[in-house]
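Working notes, beginning with the structure itself.
Every read-out reported here was derived from the displayed coordinates using simple, explicitly stated rules and does not represent laboratory data. Quick caveat: nothing in here was measured; it's all calculated off a predicted structure. Backbone-built Cβ (ideal geometry, glycine too); neighbour counts: all protein chains shown.
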Amino acid sequence: MLLEGSCHCESVRFRVDSPSPYPYMACYCSICRKTAGGGGYAINLGADYNTLEVEGEENITAFHAIIREPENPERSGESPAWRHFCNRCGSALWLYDPRWPELVHPFASAIDTPLPKPPERNHIMLDYKAPWCEVPEGEHEHHFSRGPDESLEEWHRRHGLYDAP
Ligand SMILES: [Zn+2]
Ligand SMILES: [Zn+2]
């Protein structure tokens, strides 16, 4: 599925091909909440990095988030992933992690193309959610204290929704 996205002030526009465009994964970690999630969470999509086209590149800044896991010092420190945002309006755009160089993870909030509604949702990193965040309950809502084992691609394949070109 071709996704078209932009920041709030429209200084940055982008398009990217996404085989896994269902916004089913809501992340409640403090990085997503503070940098991208007004409702307490942010949602990443999976897309093909080689197809990413950007207008307004000069308005993009990227940073490495700091992982803080006191009980897990070897995981703590600077995340290798780059989080990209518009340096004029602050909109979160996408995450790029050089460990998976063929992928890019746009934030669903930056996408203008109407996304398909997921048949079920994963609420992840709940160990880190703010106490005021409301987490939906119900048979189609799945809860994880950290991340799930299943990748974006595996989830889409399991539901017959993986849209390979
Ligand atoms: Zn902007
Ligand atoms: Zn997160």
Query raised in the report: Between residues in the range 6-19 that are within 13 Å of residue 111 (Cβ to Cβ) and more than 16 Å from ligand 2 (Cβ to nearest atom) and residues that are of a type in the set (D, E, K, R) and assigned to a loop (DSSP other than H, G, I, E, B), which pairs lie under 7 Å by C-beta distance while being six or more apart or on different chains?
Result: 6/112
Report summary line: Within the range 61-119, the count of residues that are part of a helix (DSSP H, G or I) and in contact with a strand residue (DSSP E or B) (Cβ under 9 Å, 6 or more places away or on another chain) comes to 4
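Name every residue in the range 1-25 that is in a loop (DSSP other than H, G, I, E, B) and either hydrophobic (A, V, I, L, M, F, W, C) or over 17 Å from residue 44 (Cβ atoms) (or both), in order of residue number. Don't jump to the end; show me each part of the working.
Kept after step one, since they are in a loop (DSSP other than H, G, I, E, B), are these residues of the range 1-25: 1, 7-12, 18-19, 21-24.
1, 7, 8, 9, 10, 11, 12 - these are the residues of the range 1-25 that are in a loop (DSSP other than H, G, I, E, B) and either hydrophobic (A, V, I, L, M, F, W, C) or over 17 Å from residue 44 (Cβ atoms) (or both).
Kindly indicate which of 95, 103, 45 is within 13 Å of ligand 2 (Cβ to nearest atom) and closer than 21 Å to residue 150 by Cα.
Numbers: 103 fails: within 13 Å of ligand 2 (Cβ to nearest atom); 45 fails: within 13 Å of ligand 2 (Cβ to nearest atom).
Step by step, each of 95, 103, 45 is checked, and only 95 is within 13 Å of ligand 2 (Cβ to nearest atom) and closer than 21 Å to residue 150 by Cα.
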Requested in this report: Please state which one of 77, 39, 5 is within 16 Å of ligand 1 (Cβ to nearest atom) and either surrounded by fewer than 13 Cβ atoms within 10 Å (Cβ to Cβ) or farther than 25 Å from residue 126 by Cβ (or both).
Outcome: 5
Report task. Kindly check whether there is at least one residue in the range 85-105 that is more than 16 Å from the chain's Cα centre (by Cα) and closer than 14 Å to residue 35 by Cα. Result -> yes
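Can you go through 99, 33 and tell me which one is more than 16 Å from ligand 1 (Cβ to nearest atom), of a type in the set (D, E, K, R), over 25 Å from residue 159 (Cβ atoms) and surrounded by fewer than 17 Cβ atoms within 10 Å (Cβ to Cβ)? Can you show your working first?
Numbers: 33 fails: surrounded by fewer than 17 Cβ atoms within 10 Å (Cβ to Cβ).
Residue meeting the stated conditions: 99.
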